[in-house]
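Below you'll find the structure, written out as structure tokens, and then a few comments.
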Amino acid sequence: MEDKYAKFLIKDYTCWSIQVHEYQNYIGRCIVWCKRPDALDLTEATPAERDELLVVLKDLRQAITKAFQPDWFNYAFLGNETRHLHGHFIPRYAKSREFMGVKFEDKRWGHNYETDKGFQISPAVLMAIKDKIGEGLLP
């Protein structure tokens, strides 16, 4: 994980870290980042990385459910823009959610997700989302 993303860190595990995604058009969207520097492809993950990934995703799913009550979850391991093993964890919502006075609407419910870079929230709201998720990840 690059230093510029350190402020987005929610929780570190042995092999993976969870970061809040800077684009929150799907409230609770996160990045699950493999900590091994040369990790590139999910099929080349070590047994320890594969085992821990399922724990991380389960923990994150529980934390996001507690925080924002999504209706579904999408998991995407793409690697198109960032050539490193990481996954996008995208909660999906049949109806809009409100958090800190901001309305979050899943305009593509029932279809593939898309990043809406035009949907902007303040850094304070982003950090509050990060903290809310983190509360559900405490040991």
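The values are calculated or read from the model by the stated rules, or taken from the named source; none is laboratory data. Keep in mind that this is a model prediction, so the values were computed, not measured. Every residue, glycine as well, gets a Cβ built from its backbone with ideal geometry; the counts of neighbours run over all protein chains shown.
Against the criterion of being at pLDDT 95 or above, of a type in the set (S, T, Y) and over 20 Å from G134 (Cα atoms), S17 does not qualify. Just so you know, in segment 119-139 the residues that are within 21 Å of A6 (Cα to Cα) and assigned to a loop (DSSP other than H, G, I, E, B) include one that is modelled with the lowest pLDDT, and it is P139.
Do you know which of the residues in segment 1-32 that are touching a residue at least 60 places away in the same chain (Cβ under 8 Å) and among the β-branched types (V, I, T) is nearest to S96 (Cα to Cα)? Across segment 1-32, the extreme among qualifying residues is I27. Kindly check whether there is at least one residue in segment 69-92 that is assigned to a loop (DSSP other than H, G, I, E, B), acidic (D, E) and within 29 Å of L40 (Cα to Cα). Yes, that holds for at least one residue. Residue pairs whose Cβ atoms lie under 9 Å apart, sitting 6 or more positions apart in sequence or on different chains, and linking a residue in segment 97-118 that is part of a loop (DSSP other than H, G, I, E, B) and surrounded by 13 or more Cβ atoms within 10 Å (Cβ to Cβ) to a partner that is at pLDDT 95 or above and of a type in the set (G, A, S), are E105/S96; D106/A94; D106/S96; W109/A94; Y113/A76.
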